[in-house]
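Below you'll find the structure, written out as structure tokens, and then a few comments.
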Amino acid sequence: MPFFAENLCRWWGKNPVLKKQEEINLLATDDENAVICECTLRCNLNCLHCGSDCLKTSKTPDMPVKDFIEVLDDIRINYRPANLFVCITGGEPLLRTDLEEAGRQIAERGYGWGIVTNGLLFTKERFDSLLKAGMCSLSFSIDGFEKEHAFMRQNDVVYSKVIEGIKIITEYKRTWSRPFAFDVITCVHKGNLAILPKLRDYLMELGVENWRIFTIFPSGRAAKNDFSLSHEEYLQVMSFIEETRKTEKTAKRRGESYIHVSTACEGYLGKYDSKVNDGFFSCMAGVSVGSVMCDGSVTGCLSVRGDFIQGNIYKESFVDIWNDRFQIMRDRSWTKKGGCGKCKHWKNCMGNGMHLHKDMESGPGICNMRLLREKC
């Protein structure tokens, strides 16, 4: 999800320590939400950590623009478009030659919109074209310097393309007053953990102001490759983010340049939760975030699939699905079993992120409390 909308995945309820069910139900009917559109499953890279296992070709055809626009028309009857952000992702959205047409129609209806891209097809000309179509947010991924990025992306050219793209956007933000949300995403693993300080400094040199750090969960192609972190390595990531955020506060007081860093979709992080993020954790899939998959399936976020799919826009309206389903994501009491049922952190964690559950019977695939070795 673009940086513009990322805080929708943090908890801003009246009770940040204990998330009350009535507050969750209220958020689900609020209009500060995000809709994610999986516009294609095609991709021009073969990333080792891809959660969707996207390929150059896909058996699932791209979703026609008119079909997704009908979803937005349905939504704006019930919600204010100005307070709902549309994130277009994939696959690789820049493979869509009609992306600008989709963007224009989204903007004409009053929605803000942005994309998450690997940057391989990004150019100054395409950027200008997307801006004219109303794009107001973009996220790039960069997983280290050239060696590390080429390894993860299985491509020797994409690193230079992303760096070029970052320079284009930071120059735009310096010279134009129009608001534009931009951030860089890094997926951390054993192979790039040690270079994080140097990467941070380089991103600051490039003018990047916002940086999100992910760890990798075993889904899609990532499940075929071991990118897990040990206890010591996970602590190193948390400490790095915490220290960088402290440096940011000092730099602000002195009027110096800084980079704002946070984790994203990591789940509940115990004592680190408020130290490495801008709010308290709560998985907002199906609460303030809804997604339309390439085949029309409706879910909370695109990493929440399988048994958690709530319906399909080709069979019923998105708004009906949103209003009448999703209780499985808005009432997480079903996660309070097994190890989670005995854990003292459950009231804050609520079974961790929905993307870490394969189904309602199994527990989360990753427990951050165990990684941090906090008593449960």
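To the nearest 20 debye, what charge dipole does the range 203-349 have about its Cα centre, counting +1 at the Cβ of each Lys and Arg and -1 at the Cβ of each Asp and Glu?
Around 560 debye, computed over the range 203-349.
Looking at the chain, identify the longest residue range that excludes and avoids all chymotrypsin sites (Phe, Trp or Tyr not before Pro) in DSSP loops having at most 10 other Cβ atoms within 10 Å.
Numbers: sites that count: Trp176, Tyr314.
It runs 1-175.
In nm, to one decimal, how far is the modelled label at Glu316 from the one at Asp226, with both set 7 Å along Cα→Cβ?
In this crude label model, Glu316 to Asp226 measures out at 4.4 nm.
Probe radius 1.4 Å, ligands and nucleic acids ignored: give me the carbon and sulfur share of the accessible area of the chain as a rounded percent.
52 percent
Ignoring ligands, DNA and RNA, how do Ser262, Ser160, Ser317, Ser257 rank by accessible area with a 1.4 Å probe, largest first?
Listed by decreasing accessible area, they come as Ser257, Ser160, Ser317, Ser262.
Positive end of the dipole of the chain, charges at C-beta (+1 Lys, Arg; -1 Asp, Glu), about the Cα centre: which of Val292, Tyr314, Val261 has its Cα farthest in that direction?
Highest projection toward the positive end goes to Val261.
In debye, nearest 20: dipole of the range 286-376 around its Cα centre with unit charges on the Cβ of K, R (+) and D, E (-)? Intermediate results must be reported in sequence, preceding the final value.
Working: 14 positive and 9 negative charges, 152 e Å.
Its charge dipole is roughly 740 debye.
Set the bar at 29 Å for Cα to Cα. Now go through Lys173/Lys246; Lys190/Lys336; Lys190/Lys271; Lys198/Lys252 and name every pair that lies beyond it. It would help to have the intermediate numbers written out before the result.
On the way: Lys173/Lys246 25 Å; Lys190/Lys336 32 Å; Lys190/Lys271 23 Å; Lys198/Lys252 21 Å.
Over 29 Å apart, Cα to Cα: Lys190/Lys336.
If I model a spin label as a point 7 Å beyond the Cα along the Cα-Cβ vector, how far apart are those points for Leu235 and Asp98 in nm?
Each label point is offset 7 Å from its Cα along the Cβ direction, giving 5.4 nm.
May I ask you to compute the full-extension gain from Glu125 to Lys198, defined as 0.36 nm times their residue separation minus their alpha-carbon distance, rounded to one decimal in nm?
Between Glu125 and Lys198, full extension yields 23.2 nm more.
Using only alpha carbon pairs under 8 Å that are at least six residues apart, calculate the relative contact order of the chain and give it in whole percent.
20 percent
Ranked by accessible surface with a 1.4 Å probe, highest first, in what order do Arg109, Arg96 come?
Greatest to least solvent exposure: Arg109, Arg96.
Could you pull the accessible area for Thr263 with a 1.4 Å probe, rounded to 10 Å²?
For Thr263, solvent-accessible area is about 10 Å².
Please report the antiparallel percentage of DSSP beta bridges with both residues in the chain, rounded to the nearest 5.
15 percent
Under the rule of -39500 (n - 2.57) per DSSP H run of 4 or more residues, summed and divided by the residues of the chain, what mean residue ellipticity at 222 nm is obtained, to the nearest 500 deg cm²/dmol?
Result for the chain, helices only: -9500 deg cm²/dmol.
Cut-off 10 angstrom, C-alpha nodes, Gaussian network model of the chain. Which of Lys315, Lys336, Lys167 fluctuates the most?
Lys315
What GluC sites (Glu not before Pro) in the range 256-345 are in a loop by DSSP, with at most 11 other Cβ atoms within 10 Å of the Cβ? Mind showing how you got there, number by number?
Values: sites: Glu256, Glu266, Glu316; in loops: Glu256, Glu266, Glu316.
Hits after loop and neighbour filter: Glu256.
Hey, can you grab everything whose amide H is under 5 Å from the amide H of Phe280? Only 5+ residues off in sequence or another chain; H modelled, so Pro and N-termini drop out.
Excluding prolines and chain starts, which carry no amide H, the hits are Trp11.
Run the 1.4 Å probe and let me know the accessible area of Lys249, rounded to the nearest 10 Å².
130 Å²
Can you give me the distance in nm between label points at Asp156 and His260, each placed 7 Å from the Cα along the Cα-to-Cβ direction?
Label-label distance for Asp156 and His260, simple model: 3.9 nm.
I'd like to know which of Thr40, Leu203, Ile366 lies farthest towards the positive end of the charge dipole of the chain, counting +1 on Cβ of Lys and Arg and -1 on Cβ of Asp and Glu.
Of the options given, the answer is Ile366.
Rounded to the nearest 20 Debye, what is the dipole magnitude of the range 72-161 about its Cα centre when Lys and Arg each give +1 and Asp and Glu each give -1 at the C-beta?
Dipole of the range 72-161, to the nearest 20 debye: 220 debye.
Using protein chains only and a probe of 1.4 angstrom, how many square angstrom of Val157 are accessible, to the nearest 10?
Approximately 80 Å² of Val157 is accessible to the 1.4 Å probe.
The values are calculated or read from the model by the stated rules, or taken from the named source; none is laboratory data. As the structure is a prediction and not an experimental result, all values here were calculated from the model. Because the Cβ atoms are built from the backbone with ideal geometry, glycine has one as well, and the counts that use them run over all protein chains shown. Protein only, heavy atoms only, side chains kept; ligands, DNA and RNA dropped before computing areas. Shrake-Rupley method; radii C 1.70, N 1.55, O 1.52, S 1.80 Å.
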